[in-house]
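Below you'll find the structure, written out as structure tokens, and then a few comments.
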Amino acid sequence: MNNKNYLEIDGSLGEGGGAILRLSAAYSVLFKKPIVIKNIRANRPNPGLRLQHLLGLKILSDLTNSTLSSCNIGTRELSLTPNIKNEVKSNISLNINTAASIGLLLQPVQIACLGHNKPEKIEIKIRGGGTYGKWAPGLNYLKAVTYKIFEASGLKIKIDILKHGFYPKGGAQVNCHIHPPKKPLNPINLIELGNIERIHGDIIITNQLRRNRDNIGIRIRKTIQQRLKRDLNVETDIKFTWVDSISPGVGVSLWAQSDTGGVISSGTILGDKKTSSEKLGNITAQKIISYIQNEIPVDNYLSDQLIPLMGYIEEKSCIKVSEITNHTRTNLELTKRFTKKDYKIVKFSNFYKIHF
């Protein structure tokens, strides 16, 4: 195939990070467009592919029988040629020796599978990696928020967490089941937050952090409940769970389903040695309080996840967000390049609307 048939992607576009790789590779397979990505992560302190990006590309190419050029950690240019026969394996297994984010590894696969209605179910078994990680969605967040919106549109994804994994060793055990849509996806229109009756939450704590007189889970939950009661006067259902994991860690997420079909969330908040349980609880609570008080139905991370679907969906979609992040702008521009569909951002006093 001649180079002129390849869509060239500049890896330094926008925020110039791994999101460009994930979305470009996913869209390449989805739309059967061969790509060349140059200047990979050019804006980062350590440019080129990291292990996490390499794993994501390899699982995508293996699952879809696509051709990935030879690449390694540090590679700054690569090509991907999708399989035009629309063949997808029904199952695949991946072993990860680091704490690479499982949520980020699954991103390109779930987008690429939109264009395949066979097999009816794709099973991905992952051993190793992280269910929680910095600058990445925790799997509990994906289950409670992102995948709920996906399912309402027509893409069903089920995650079974057999064992959690945290930085630096990972060690998670996860099974993922993707059910590709059999009919066109429903449009995504989340422009009104609506009414919220209850806020749910998950606090995941590893057993290494158990102490006789210092119950982290109780302290985090109590702080969150006090803030939500004071600022929103809303009922809560927040659970904390002790789990086995190779590395110690704490992951917290809050979410609330509204009567308009939205699921607003705090996103994934991680604990660390310098952050007290009370401070962690306050940070998490403040995130969701800010969205709710400003009547925002889509959190900043969810907007990045929804844009690839909005660009693919035939009917018009629209979401209301509190800000346009660098990730959001990058995803919008890449989506436009692949789909030829234009988008529109409308700015209001304290929010934005993104139209496709």
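Among the numbered criteria (1) closer than 15 Å to residue 177 by Cβ; (2) buried (at least 23 other Cβ atoms within 10 Å of the Cβ), which single criterion is violated by residue 143? Single failed check for residue 143: (2). Looking across region 251-265, just one residue is surrounded by fewer than 20 Cβ atoms within 10 Å (Cβ to Cβ), part of a strand (DSSP E or B) and touching a Gly at 6+ places or on another chain (Cβ under 8 Å), and that is 258. Of all the residues in region 85-105, those that are assigned to a loop (DSSP other than H, G, I, E, B) and of a type outside the set (Gly, Ala, Ser) number 8. Considering region 180-224, the residues that are part of a strand (DSSP E or B) and out of contact with any helix residue (DSSP H, G or I) (no Cβ under 9 Å at 6 or more places or on another chain) include one that is nearest to residue 96 (Cα to Cα), namely 206. Regarding residue 109, is this residue out of contact with any Phe, Trp or Tyr (no Cβ under 7 Å at 6 or more places or on another chain), within 20 Å of residue 147 (Cα to Cα) and either surrounded by fewer than 24 Cβ atoms within 10 Å (Cβ to Cβ) or hydrophobic (A, V, I, L, M, F, W, C) (or both)? Yes; evaluated as a whole, the condition is true for this residue.
Looking at the structure I just gave you, is residue 331 touching a residue at least 40 places away in the same chain (Cβ under 8 Å), surrounded by fewer than 17 Cβ atoms within 10 Å (Cβ to Cβ) and either over 30 Å from residue 230 (Cβ atoms) or in the same structural domain as residue 237 (by TED's automatic domain parsing) (or both)? Criteria not met by residue 331. If you go through region 63-81 and keep only what is assigned to a loop (DSSP other than H, G, I, E, B) and over 22 Å from residue 39 (Cβ atoms), you end up with just 65. Yes or no: region 226-241 includes at least one residue that is farther than 23 Å from residue 130 by Cα, polar (S, T, N, Q) and in contact with a Leu (Cβ under 8 Å, 6 or more places away or on another chain). There is at least one residue in region 226-241 that is farther than 23 Å from residue 130 by Cα, polar (S, T, N, Q) and in contact with a Leu (Cβ under 8 Å, 6 or more places away or on another chain). When we screen 312, 291 for residues that are within 19 Å of residue 113 (Cβ to Cβ) and modelled with pLDDT of 95 or more, the only hit is 312.
Of everything in region 47-80 that is free of Cβ contacts under 8 Å to residues at least 24 places away in the same chain and surrounded by fewer than 15 Cβ atoms within 10 Å (Cβ to Cβ), the residue that is farthest from residue 339 (Cα to Cα) is 72.
Sub-6 Å Cβ pairs linking a first residue in region 266-280 that is assigned to a loop (DSSP other than H, G, I, E, B) to a second residue that is of a type in the set (Phe, Trp, Tyr), at least 6 apart or interchain, are 267/301; 268/141, ordered by first then second residue. Taking region 289-331 on its own, how many of its residues are more than 23 Å from residue 107 (Cβ to Cβ) and not charged (D, E, K, R)? Adding up the residues that qualify gives 5. A single member of 193, 185 is closer than 29 Å to residue 231 by Cβ and surrounded by fewer than 24 Cβ atoms within 10 Å (Cβ to Cβ), and it is 193. When the residues of region 7-34 are filtered to those that are within 16 Å of residue 63 (Cα to Cα) and of a type in the set (D, E, K, R), which remaining residue is surrounded by the fewest Cβ atoms within 10 Å (Cβ to Cβ)? If we take residues in region 7-34 being within 16 Å of residue 63 (Cα to Cα) and of a type in the set (D, E, K, R), then 32 is surrounded by the fewest Cβ atoms within 10 Å (Cβ to Cβ).
Based on this model, can you work out whether residue 320 counts as more than 30 Å from residue 210 (Cβ to Cβ), touching a residue at least 60 places away in the same chain (Cβ under 8 Å) and in a strand (DSSP E or B)? Yes; evaluated as a whole, the condition is true for this residue. Can you find a residue that is touching a Pro at 6+ places or on another chain (Cβ under 9 Å) and either farther than 21 Å from residue 154 by Cα or not aromatic (Phe, Trp, Tyr) (or both) anywhere in region 271-283? Checked against the condition, which is being touching a Pro at 6+ places or on another chain (Cβ under 9 Å) and either farther than 21 Å from residue 154 by Cα or not aromatic (Phe, Trp, Tyr) (or both), region 271-283 yields no hits at all.
Looking across region 146-162, just one residue is assigned to a loop (DSSP other than H, G, I, E, B) and buried (at least 19 other Cβ atoms within 10 Å of the Cβ), and that is 155. The condition (being part of a loop (DSSP other than H, G, I, E, B) and within 22 Å of residue 192 (Cα to Cα)) is satisfied by just one residue among 308, 297, 248: 297.
For the structure I just gave you, tell me whether residue 227 is crowded, with 16+ Cβ neighbours inside 10 Å, over 24 Å from the mean Cα position of the chain (by Cα), under 28 Å from residue 163 (Cβ atoms) and outside the structural domain of residue 16 (by TED's automatic domain parsing). When the stated conditions are applied, residue 227 does not pass them.
The values are calculated or read from the model by the stated rules, or taken from the named source; none is laboratory data. What you see is a predicted model, and the numbers here were worked out from it, not measured in a lab. A quick note on method: Cβ atoms are made from the backbone with ideal geometry, for glycine too, and the neighbour counts reach across all protein chains shown.
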